[in-house]
Amino acid sequence: MRKTSKMHKIASILLASAMTISMLAGCGGSGGSNAPAGSTESTSGGDAAAADTYTFPLAEKAELSGLTSYPAGTESEPNNRTIFKRLEEQTNVHINWRTIQSDQWGEKIQLEMSNVKTLPDFVFQAGFNDTDLLKYGKQGVIINLEDYIDKYMPNLQAVFEQAPEYRAMCTDENGHIWALPWIEQLGYEKTAIQTVGDMSFINKNWLDFLGLSMPTTVDEFEQVLLAFKDNAAKLKAEFKIDGDIIPMSCIMNDGDQDPAILINGFGEGYGDPDRGRHIAVTDDKKVICVAQTEGFKKGIEWLHKLYAEGLIDPEAFTQEWSTYVAKGKAGRYGVCFSWDIANIAQVSMDELIAGESWVPLPALKADVKNITPQNGSFTSGFDRGRCVVTAAAKNPALVCAWLDQMYIPIQSPQNNWGTYGEDDDFDIFEMSENANGEPMLKHAWLGDASPVEVREAESVNGPLAILDSYYNVYVTCPDDAQYRLDWIKNIYTPDMNGKYVFPNVLMSTDDTKTVSNLLADITPRINTAKSDWVMNGFTDADWDQLQADLAAYKLDELLAIYQKYLDAYYAE
């Protein structure tokens with residue numbers, strides 16, 4: 001791939017100029033290291049008041065320490081990655097890294113966090129959940145960052161000013177921010193790429209071969225599946241398929257592979273958009289459990305009808321991801337479910353963009369026609385616990401000032417996806433210009449290279465923010481995201497009739513624990529009933545028993561907690 005040295009220089013100038021902001025940085029001990037374990041008071045005030053001035057690049061080299069992860073089979077030394085090489089040159093800050101392979105992170109990071117004396121200054125790729133953040137904050141293992149953000153992180157502040165909901169989503173009930181977020185907006189609110197995860201796809205080649213129209217109702221959909229079943233021999237011969245034809249396959253209760261999107265049209269139209277919690281929000285801002293709705297009951301009855309007719313893969317309740325994909329790649333499916341059909345079927349990006357081979361199935365009308373967006377999706381991609389500063393940090397102000405460079409608008413896309421000017425054959429980006437003649441990262445054509453593999457080889461992830469307003473100003477939208485955004489906007493958004501989704505909120509330690517304990521009984525009970533009923537059917541007595549069990553498992557208490565946070569989120 002041809003490198004453009006002129007553009008490289010322009011980009012370096014732009015990034016360096018963005019870093020030459022004078023920032024106050026502390027000289028004292030670690031913020032929070034003097035706080036007693038279990039303290040809930042602010043631990044960032046001490047050296048946040050210091051007054052030494054730092055300008056990037058620093059006049060004298062500084063050293064910090066960090067911990068991060070790396071994908072198996074990729075470069076294990078972060079300082080060998082182009083992104084970190086440039087950051088060191090542009091800041092004059094050297095990071096002494098410790099690394100853990102990504103597939104070992106879960107078990108090893110807990111051990112690392114158990115001894116604050118051996119921790120580095122920051123954990124770059126922490127990915128901590130809410131329980132972890134609150135626990136480590138209470139133990140004094142990590143420090144709260146709100147004062148540092150206000151004083152030393154102008155780039156993150158700019159993100160929060162443009163999208164203030166993200167600051168609210170990072171803040172606990174005591175006003176503390178325990179981690180720096182990862183934000184990836186691709187679309188916003190009802191056009192966000194996360195609104196529909198379990199997208200339903202239909203084999204357009206089969207439709208065209210059999211002369212069938214795209215179904216728009218549940219009855220028409222059933223007839224299409226029957227046609228696939230009845231014409232199995234013809235389909236196998238025409239498309240040279242090895243193995244039995246499967247009209248519809250899925251993995252029940254498995255996130256994006258679940259078929260719940262099909263039942264959105266029944267009853268009130270909520271469907272089952274949150275397979276982990278089975279909740280939705282009404283237009284009058286009330287949190288409900290969908291497993292108590294008439295639409296859920298009627299939708300499961302209909303799915304059982306399809307199963308009884310031999311239209312649903314009998315392995316849908318037990319198959320692993322690898323099996324699901326293998327059958328899909330063999331071309332055996334008429335309908336299947338996933339985030340992206342390219343995960344399941346043999347289909348090129350050109351075919352997807354052109355609407356050939358496989359296409360999304362529109363919302364099916366039963367009693368109503370509706371798509372319920374996934375909870376938390378209106379604020380798009382978000383990881384509250386991406387990066388933490390530890391109590392071992394001797395200069396947390398400088399740590400935060402350096403981490404703030406990750407939020408520079410032209411830096412964040414590189415950290416997230418990859419960069420330009422690499423020494424190998426492929427780059428995620430080439431440096432280009434936007435309509436105003438300013439530097440802009442343009443996604444490069446990768447040919448037959450896997451976007452995932454190139455991204456893993458080049459990106460560093462960590463804390464960053466890519467807002468929807470950045471596209472075509474600082475960076476182009478990835479091709480493999482753009483066609484999915486187009487599907488959302490053109491096919492699904494027009495049928496998103498509800499006003500709200502449950503937001504991504506940070507609950508208190510007690511409420512987080514209570515919710516976790518309650519869901520440990522409630523979620524499996526609903527999931528088990530759902531699978532059993534699709535396979536075997538159910539009676540009114542079975543339905544009543546489910547409701548009685550949910551009451552016994554304190555569903556009302558769970559909904560009350562969710563309601564409290566929903567009310568607080570929308571409070572004026």
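The values are calculated or read from the model by the stated rules, or taken from the named source; none is laboratory data. Model, not experiment: these values are computed from the prediction. Cβ atoms come from the backbone with ideal geometry, glycine included; neighbour counts cover every protein chain shown. These accessible areas exclude ligands, DNA and RNA; they are computed on the full protein's heavy atoms, side chains included. Shrake-Rupley method; radii C 1.70, N 1.55, O 1.52, S 1.80 Å.
Determine, for each peptide in 384-396, 144-156, 109-121, the mean count of other beta carbons within 10 angstrom over its residues, then list the peptides with the highest first.
Numbers: 384-396: 25.1, 144-156: 23.0, 109-121: 15.5.
In decreasing order of mean packing, 384-396, 144-156, 109-121 become 384-396, 144-156, 109-121.
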Report, ordered by chain and residue number, the lysines lying within cross-link reach of Lys286, taken as a straight Cα distance under 23 Å and ignoring same-chain residues fewer than 8 apart. Lys190, Lys297, Lys298, Lys369, Lys499, Lys513, Lys554, Lys564
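Given a 1.4 angstrom probe, what's the average accessible area per residue across segment 58-105, in square angstrom? Don't jump to the answer; show the numbers that get you there.
On the way: 2220 Å² over 48 residues.
Accessible area per residue, segment 58-105: 46 Å².
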Using alpha-carbon coordinates, inclination of helix 555-569 to the longest axis of the chain, degrees: 50 degrees
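Within 10 Å, count the other beta carbons around each residue, average over each peptide in 179-190, 525-536, and list them highest first. Let's see the in-between values first.
Numbers: 179-190: 22.2, 525-536: 18.5.
Peptide ranking by packing, descending: 179-190, 525-536.
Rounded to the nearest whole Å², what accessible area per residue is found for segment 128-212 with the 1.4 Å probe?
Values: 2790 Å² over 85 residues.
So segment 128-212 comes to 33 Å² accessible per residue, rounded to a whole number.
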Here the gain from full extension of Asp244 to Ser516, 0.36 nm per residue of separation minus their alpha-carbon distance, amounts to 93.8 nm
Lysines whose Cα lies under 24 Å from that of Lys236, excluding same-chain neighbours fewer than 8 positions away: Lys204, Lys327, Lys329
Segment 291-374, accessible area per residue, ligands and nucleic acids excluded (1.4 Å, Å²): 39 Å²
Using a 7 Å offset from the Cα along the Cα-to-Cβ direction at both Asp486 and Asp230, what is the distance between the two label points in nm, to one decimal? 3.5 nm
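Is segment 47-198 rounded, prolate or oblate when judged by the Cα gyration tensor, a ≥ b ≥ c being the square roots of its eigenvalues, rounded requiring a/c under 1.5 and prolate requiring a/b larger than b/c? Spell out each step's value before the answer.
On the way: a/c = 1.25, a/b = 1.11, b/c = 1.12.
Note, shape of segment 47-198 comes out rounded.
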Treating cross-link reach as a plain straight distance, find the aspartates and glutamates whose alpha-carbon is under 16 Å from the alpha-carbon of Lys234, omitting any fewer than eight places away in the same chain. Asp208, Asp242, Asp244
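Size of the dipole of the chain about the Cα centre, Lys and Arg at +1 and Asp and Glu at -1 on the beta carbon, nothing else charged, in debye to 20? Write out the running numbers ahead of the final one.
Details: 46 positive and 83 negative charges, 112 e Å.
In total the dipole reaches around 540 debye.
Rounded to the nearest percent, how much of the accessible area of segment 153-247 (1.4 Å probe, protein heavy atoms only) is carbon and sulfur? Could you put the intermediate results ahead of the total?
Details: 1820 of 3890 Å².
Answer for segment 153-247: carbon and sulfur cover 47 percent of the accessible area.
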Return, ordered by residue number, the residues of segment 333-374 whose backbone nitrogen is under 12 Å from a label point located 7 Å along Cα→Cβ of Asp208. 351-352, 354-359
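With a/c under 1.5 counting as rounded, go ahead and sort the chain into rounded, prolate or oblate using the C-alpha gyration tensor (a ≥ b ≥ c being the square roots of the eigenvalues; past the cut-off, prolate if a/b is larger than b/c, else oblate). Walk me through the intermediate numbers first.
Working: a/c = 2.24, a/b = 1.45, b/c = 1.54.
Judged from the Cα gyration tensor, the chain comes out oblate (a/c at least 1.5, b/c at or above a/b).
Out of all DSSP beta bridges with both ends in the chain, state the antiparallel percent to the nearest 5.
55 percent
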Heavy atoms of Trp97: accessible area, 1.4 Å probe, square angstrom to 10: 30 Å²
Nearest 20 debye, what's the magnitude of the dipole of segment 267-349 about its Cα centre given +1 on Lys and Arg Cβ and -1 on Asp and Glu Cβ? 120 debye
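Shape verdict for segment 249-343, please, from the Cα gyration tensor: rounded (a/c under 1.5), prolate (a/b greater than b/c) or oblate.
Details: a/c = 2.58, a/b = 1.76, b/c = 1.47.
Verdict is prolate for segment 249-343.
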